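Trainee: I'd like to ask some things about the structure below.
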Amino acid sequence: MSSDSPIQSFKDLQLHPQLQAAVDKLGYAEPTPIQKTAMPSIMEGKDVAGLAQTGTGKTAAFVLPLMERILRSRQKEEGLSPEELALVKARRFPDWVAMNFILVLVPTRELAEQVYENVLKFGGDSGLRAVSVYGGVGYDKQKEGLRGGVEFVIATPGRLLDLYKDNVVDLKQVRGIVFDEADRMFDMGFKDDMKYILTRIPKDRQFMVFSATLNLDVLNTAYQFGAMPVEFNVSRDQAKAENVEDKIIHLGQDEKGAFLLALLRKHNPRQAIVFSNFKMNVPRITQFLNDNELPAVGISSLLTQSQRNRVMEQFKGDSDKNILVATDVAARGLDIKGVDMVVNFELPDDPENYVHRIGRTGRAGANGIAYSLVSDRDVDALARVEGYLKHKVDTDFIDDAQIPKEFKAMSSDRGSKDFSREFRGEEPRRGREGGEGRRDGARRGGGGRDGGRRDGGRRDAGPRGGGRDGARRDGPRPQRDHGPRDPNGPANGPTPVGASGHGPSAGAAGGGPRRHENRNEGRRHGQGSQGQGRGRDRDRDRQGNGQGGGGQGGNGQGRRHDGRRSEAQGKRHDGPSGKRGHGGGDRKKIPPPNPMPKKNDGIGKKVAGFFKRLIGS
């Protein structure tokens, strides 16, 4: 069958009997425009680039024809009529073997699960197998599925490369590659990953790319790697689906909560999605709706994969949670039947995301309505959206009588409670409103950048010894018991470190030498002083009262370098014990060394005496 032949129904596609049975069972009769145009070319083995609005069946447009090619590759030629034999030879993959597979790359986990479910649904009793590969879940199940051999691998780029580097996936077995929502993958930073994968798969693979919005960068990448796609654009003249009615409501930023309640109560949708630009807004809006008796669930990147799956099950199921609050992560890949209303709490910065958001309603030909709440913060985004759509978006109004006057207000977006920990099932963190900010962590025994250093103490060992700054960071240093106060010392303040109970220190009285002078004296004579108790050697003094060398009176409160010198001197002059003195007791006072005699003194005297005798004689 030629790709130029008109397609009116799925029977006109002449699908494999097992595949046609699955399509009939699902109740599909007439293909969508993108399916009519793209499927014949894919079945013939051509590269394809398809552009169509969301909700128009793009997933089936590549899954069904690829399944057709695989089934025809397995079909035996014996007993076929000439027409059937020609069809098999035209559609099958040449030299298809058991370990070959089709690789479908998607940007999000939700889209991976959706494509996976479609493969299982369309596969029916054909025996075609698939595995979904994405992050946020364990590796074991995915590795087990890949080792058993599958025909379809639906993956996000990051997790696929992890498994490739673990030698679980053999990219040389890829016979066809599909980029679903390729522009979104580029936006999310997967461009380099996509190129890495394209360099490692066979060059004769079939190349397909599909999206609701397709930029030039995606096609340039396709051409760069040898693909020559046939382009199908079934939405060239319209950026959004015809069966979706979108409107905007102008209001103040603080009025968005009340208007959101008014819209949901007025239309009473069976299922609705509220979009926000910010993931931290999702729990706020969700809590706000629940507080006002509108059951809602939220989904964003704050949730683990298991939590996201549970949220989607609640929303899709028969529970009363019929409102989903989401970020753009849900705008791509969520194919939920029955969503009849979408609300943009903020307009997206990227106008293409606007198309994807409102495309969550009006799926499969059904009618849908989309509202956007536009405040002064959304004016620039509105201009970009209207420029992309090439027309003005209709403005709507809500009667004052329909706007609720009494309701539980939404938490402020500034200083509001962080629900993300509760969203993940963790205990909420007490913030500043509870009197425990992060800055007070040090006073609670550690925490903050400096742990327990700000107040000069360790959590386990009292005041810190050693270090350049000791306990001088904050406030006065802690008092220590140094014995009785020196009556000749300063009138106010703590007892100087040099003035211990073992005897007065030189220079301890008021009017003594200044600190740097004491330091110099201590270096020359080992005398303790009031100034020596300050600075970085305070920590050595804490280790024991009076146990240090270098003090003239034996008080041992000298500086660190003096102590080391005195210790060495004690070993040389204090006898065999080598113990340092304590409090001016047994240790001998070490006299200063005698000046060294000058060289040639004896010769000079002899010469002088010789001349005296010579002159005198």
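Read-outs throughout are calculated quantities, based only on the coordinates presented, and are distinct from any laboratory measurement. Note that the structure is predicted; figures quoted are calculated from it, not measured. Methodologically, a virtual Cβ is constructed for each residue, glycine included, from the backbone with ideal geometry; neighbour enumeration extends over all protein chains shown.
Trainee: Treat each spin label as a single point 7 Å out from the Cα along the C-beta direction, and report the Gln14 to Arg74 distance in nm.
Mentor: Distance between label points: 2.2 nm.
Trainee: Right, another one. Please give the Cα centre distance for the range 179-238 versus the range 24-69, rounded to the nearest Å.
Mentor: A separation of 17 Å, based on Cα centres.
Trainee: For the range 194-325, compute Rg over Rh where Rg is the Cα radius of gyration and Rh is the Kirkwood radius from the inverse mean 1/r over Cα pairs.
Mentor: For the range 194-325, the value is 1.10.
Trainee: Still on this model: Pairs of Cα atoms under 8 Å, at least six residues apart: use those to get the relative contact order of the range 40-135, whole percent. The partial results should precede the final answer.
Mentor: On the way: 63 pairs, mean separation 25.9, N = 96.
Across the range 40-135, relative contact order equals 27 percent.
Trainee: Separate question: Calculate, for Asp140 and Leu389, the FRET efficiency according to 1/(1 + (r/R0)^6) with r their C-beta to C-beta distance and R0 35 Å; round to the nearest 0.05.
Mentor: E between Asp140 and Leu389, to the nearest 0.05, is 0.15.
Trainee: For the range 84-228, I need the span (max minus min coordinate) of the C-alpha atoms along each principal axis, in Å, sorted largest to smallest.
Mentor: Computed over the Cα atoms, the extents are 42, 37, 28 Å.
Trainee: Give me log10 I(q)/I(0) at q = 0.23 Å⁻¹ for the range 14-90, Debye formula, one equal scatterer per alpha-carbon, no solvent.
Mentor: -1.12
Trainee: Dipole of the range 45-105 (Lys/Arg Cβ +1, Asp/Glu Cβ -1, origin at the Cα centre): which of Val88, Gln75, Gly57 lies farthest to the positive side?
Mentor: Sorting the options by dipole projection puts first Gly57.
Trainee: Mind ranking 388-399, 83-94, 104-115, 283-294 by how tightly packed they are, going by the mean number of other C-beta atoms within 10 angstrom, highest first? Could the numbers behind the result be given before it?
Mentor: Values: 388-399: 12.0, 83-94: 15.2, 104-115: 24.2, 283-294: 19.9.
Averaged packing, sorted descending, gives the order 104-115, 283-294, 83-94, 388-399.
Trainee: Could you estimate the translational diffusion coefficient of the range 267-313 from the Stokes-Einstein equation, with Rh from the Kirkwood formula over C-alpha pairs, at 10 °C and 1.306 mPa s, in whole µm²/s?
Mentor: Numbers: Rh = 11.5 Å.
For these conditions, the coefficient is 138 µm²/s.
Trainee: Once all Cα-Cα distances of the range 157-236 are split into 10 Å bins that start at 0, what whole-number percent is in each one?
Mentor: With 10 Å bins starting at 0, P(r) equals 17, 52, 27, 4, 0.
Trainee: Return the loop-located trypsin sites (Lys or Arg not before Pro) in the range 172-270 (DSSP other than H, G, I, E, B) with at most 11 other Cβ atoms within 10 Å of their own Cβ; answer none if there are none.
Mentor: Hits after loop and neighbour filter: Lys203, Arg236, Arg270.
Trainee: Among 218-224, 344-350, how do they line up by average Cβ neighbours within 10 Å per residue, starting with the highest?
Mentor: Descending packing order for the listed peptides: 344-350, 218-224.
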